[in-house]
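Here, each number is a calculation from the coordinates, and none is a lab measurement. If you're wondering where the values come from, they're calculated on a predicted model, not measured in any experiment. As a convention, Cβ positions derive from the backbone with ideal geometry for all residues, glycine included, and neighbour counts pool all protein chains shown.
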Amino acid sequence: MPIPLDLDPVLKAVEIAAILGSTATLLFKIGRTTERFEQVGRQQAVEISGLRSNIDKLNVLFIEQASAKTRADNHADRLNAHDRRFEIIDHRLDELRRGEGLIVKGAA
């Protein structure tokens, strides 16, 4: 008499093996993805620190430029004041040439 063959336990074992295999594959892929994200994060950290150093250099340049502009503005103000004084002196000299300026008697 033939022995009845029950395939149900065998199919369940294959199903469990397939679930375990796909779970292992999923965990392996998640591990590789995590490693890639960590690598990208390290690379971006290096790039960000480089950008920070560039920003610090630009900050120093902006401060130097602003102080140079302030000095230039101060020099321009002084030059304008000197120009006004020279204009006043030139105007007074013209008045004296024409005899319109202040002439003090006995100054000679």
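Some notes on this structure:
- Taking a point 7 Å out from the Cα of ASP56 in the direction of its Cβ, the residues of the stretch 32-46 whose backbone N falls within less than 18 Å of it are 45-46.
- Estimated at 0.36 nm per residue, the fully extended path between LEU26 and HIS82 surpasses their Cα-Cα distance by 12.0 nm.
- Cβ-defined net charge surrounding ILE88, 14 Å radius [Lys, Arg +1; Asp, Glu -1]: -2
- Charging the Cβ of each Asp and Glu at -1 and of each Lys and Arg at +1, and nothing else, the dipole of the stretch 1-73 about its Cα centre rounds to 420 debye.
- Computed extension gain for ALA18 through HIS75, at 0.36 nm per residue and net of the alpha carbon distance, reaches 12.1 nm.
- Legend: calculated FRET efficiency, HIS91 to ALA66, from the Cβ-Cβ distance at R0 = 30 Å, rounded to 0.05, equals 0.20.
- Simple rule: put +1 on each Lys or Arg Cβ and -1 on each Asp or Glu Cβ in the chain, find the dipole, and look at ALA81, PHE62, LEU51; the Cα lying farthest toward the positive end is ALA81.
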